[in-house]
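See structure below.
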Amino acid sequence: MLFPDENRQSGYITVGYRGTFAFGRDGMSDVKFRKLARIIVCGRVALCREVFGENLNESRDPDRGPMDRYTGRFFLKHLFLEQAFDNLQEAGFKCVASCGSGTSGGSAELKPGMDPEESRWNHYNEFVFVRD
(Lines give C-alpha, C1' and ligand atoms only; values in the text may rest on other atoms or scores of the structure.)
Protein backbone atom coordinates (compact mmCIF):
# COMPACT_ATOMS: atom_id res chain seq x y z
CA MET A 1 0.00 0.00 0.00
CA LEU A 2 1.25 3.47 -0.85
CA PHE A 3 1.22 6.18 1.79
CA PRO A 4 0.83 9.85 0.91
CA ASP A 5 4.12 11.71 0.68
CA GLU A 6 3.89 15.29 1.91
CA ASN A 7 6.87 16.24 -0.29
CA ARG A 8 5.06 15.28 -3.50
CA GLN A 9 4.03 18.11 -5.74
CA SER A 10 0.32 18.42 -6.50
CA GLY A 11 -0.90 19.01 -10.02
CA TYR A 12 -2.69 17.75 -13.11
CA ILE A 13 -1.61 15.51 -15.96
CA THR A 14 -3.71 14.96 -19.07
CA VAL A 15 -3.30 11.77 -21.11
CA GLY A 16 -4.79 11.70 -24.59
CA TYR A 17 -4.76 9.39 -27.56
CA ARG A 18 -6.05 9.18 -31.10
CA GLY A 19 -7.07 5.81 -32.40
CA THR A 20 -9.35 4.02 -34.81
CA PHE A 21 -12.62 2.25 -34.21
CA ALA A 22 -12.38 -1.53 -34.63
CA PHE A 23 -14.38 -2.02 -37.81
CA GLY A 24 -13.46 -4.68 -40.28
CA ARG A 25 -14.75 -5.31 -43.75
CA ASP A 26 -18.55 -5.17 -44.09
CA GLY A 27 -18.96 -3.90 -40.53
CA MET A 28 -17.60 -7.07 -38.92
CA SER A 29 -15.54 -6.78 -35.76
CA ASP A 30 -11.84 -6.79 -36.47
CA VAL A 31 -9.13 -8.63 -34.56
CA LYS A 32 -7.41 -5.27 -33.99
CA PHE A 33 -9.34 -4.32 -30.86
CA ARG A 34 -7.76 -0.90 -30.46
CA LYS A 35 -5.15 0.73 -32.62
CA LEU A 36 -3.46 3.76 -31.05
CA ALA A 37 -1.19 6.08 -32.97
CA ARG A 38 0.43 7.71 -29.94
CA ILE A 39 -0.29 8.44 -26.27
CA ILE A 40 0.12 12.17 -25.62
CA VAL A 41 1.06 13.55 -22.18
CA CYS A 42 0.38 17.15 -21.11
CA GLY A 43 1.19 18.84 -17.82
CA ARG A 44 3.97 20.27 -15.71
CA VAL A 45 7.30 18.92 -16.94
CA ALA A 46 8.56 17.86 -13.50
CA LEU A 47 5.38 15.89 -12.77
CA CYS A 48 5.39 14.17 -16.16
CA ARG A 49 9.03 13.12 -15.71
CA GLU A 50 8.36 11.86 -12.19
CA VAL A 51 5.40 9.72 -13.26
CA PHE A 52 6.56 8.32 -16.59
CA GLY A 53 10.37 8.38 -16.24
CA GLU A 54 12.16 6.64 -19.12
CA ASN A 55 8.86 5.95 -20.90
CA LEU A 56 8.45 9.67 -21.62
CA ASN A 57 9.54 10.80 -25.08
CA GLU A 58 10.50 14.48 -25.00
CA SER A 59 11.81 14.75 -28.56
CA ARG A 60 8.84 16.83 -29.81
CA ASP A 61 9.21 19.43 -27.05
CA PRO A 62 11.50 22.18 -28.38
CA ASP A 63 11.61 24.17 -25.12
CA ARG A 64 14.21 22.78 -22.72
CA GLY A 65 13.54 25.50 -20.14
CA PRO A 66 12.75 25.30 -16.43
CA MET A 67 11.19 22.23 -14.80
CA ASP A 68 8.14 24.17 -13.56
CA ARG A 69 6.93 24.96 -17.09
CA TYR A 70 4.03 23.21 -18.78
CA THR A 71 4.04 21.27 -22.04
CA GLY A 72 1.60 19.54 -24.33
CA ARG A 73 4.29 18.02 -26.52
CA PHE A 74 5.35 14.86 -24.66
CA PHE A 75 4.28 11.38 -25.66
CA LEU A 76 4.96 7.90 -24.37
CA LYS A 77 7.39 5.43 -25.92
CA HIS A 78 4.79 2.66 -25.59
CA LEU A 79 1.16 2.30 -26.70
CA PHE A 80 -0.23 0.61 -23.57
CA LEU A 81 -2.89 2.90 -22.15
CA GLU A 82 -3.33 0.75 -19.06
CA GLN A 83 0.41 0.97 -18.30
CA ALA A 84 0.13 4.77 -18.38
CA PHE A 85 -2.85 4.60 -16.01
CA ASP A 86 -0.90 2.28 -13.68
CA ASN A 87 2.03 4.74 -13.64
CA LEU A 88 -0.31 7.57 -12.69
CA GLN A 89 -2.07 5.56 -9.98
CA GLU A 90 1.24 4.41 -8.48
CA ALA A 91 2.34 8.06 -8.29
CA GLY A 92 -0.81 8.99 -6.36
CA PHE A 93 -2.89 10.44 -9.21
CA LYS A 94 -6.64 9.90 -9.58
CA CYS A 95 -8.73 10.25 -12.73
CA VAL A 96 -11.12 13.20 -12.31
CA ALA A 97 -12.43 13.75 -15.85
CA SER A 98 -12.48 12.27 -19.32
CA CYS A 99 -13.92 13.08 -22.71
CA GLY A 100 -14.00 11.52 -26.13
CA SER A 101 -15.07 12.22 -29.66
CA GLY A 102 -15.44 10.20 -32.83
CA THR A 103 -15.41 11.20 -36.46
CA SER A 104 -16.16 9.66 -39.78
CA GLY A 105 -13.79 11.11 -42.34
CA GLY A 106 -14.40 11.60 -46.01
CA SER A 107 -12.51 10.17 -48.93
CA ALA A 108 -9.38 12.31 -48.56
CA GLU A 109 -6.14 11.12 -50.11
CA LEU A 110 -4.49 8.50 -47.90
CA LYS A 111 -0.87 8.18 -46.91
CA PRO A 112 0.87 5.08 -48.31
CA GLY A 113 0.11 1.97 -46.26
CA MET A 114 -3.00 3.42 -44.60
CA ASP A 115 -6.10 1.24 -44.44
CA PRO A 116 -9.05 3.18 -45.93
CA GLU A 117 -11.49 1.83 -43.30
CA GLU A 118 -9.20 2.71 -40.39
CA SER A 119 -8.57 6.22 -41.65
CA ARG A 120 -12.31 6.86 -41.98
CA TRP A 121 -13.26 6.04 -38.39
CA ASN A 122 -11.11 7.95 -35.89
CA HIS A 123 -11.64 8.82 -32.26
CA TYR A 124 -9.83 10.99 -29.73
CA ASN A 125 -9.99 10.55 -25.95
CA GLU A 126 -8.52 12.48 -23.04
CA PHE A 127 -8.23 11.61 -19.37
CA VAL A 128 -7.42 14.21 -16.70
CA PHE A 129 -5.61 13.04 -13.57
CA VAL A 130 -4.96 15.02 -10.37
CA ARG A 131 -2.75 14.60 -7.33
CA ASP A 132 -3.69 16.75 -4.34
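The values are calculated or read from the model by the stated rules, or taken from the named source; none is laboratory data. Not measured: the values here are computed from a predicted model. When we count neighbours, we look across all protein chains shown, and the Cβ atoms used for this are built from the backbone with ideal geometry, even at glycine.
Descriptive notes on the structure:
- Restricting attention to the range 55-65, the residues that are within 14 Å of Leu88 (Cα to Cα) and surrounded by fewer than 18 Cβ atoms within 10 Å (Cβ to Cβ) add up to 1.
- Failed criterion for Val128 (all others in (1) surrounded by fewer than 17 Cβ atoms within 10 Å (Cβ to Cβ); (2) at pLDDT 75 or above; (3) not in a helix (DSSP H, G or I) hold): (1)
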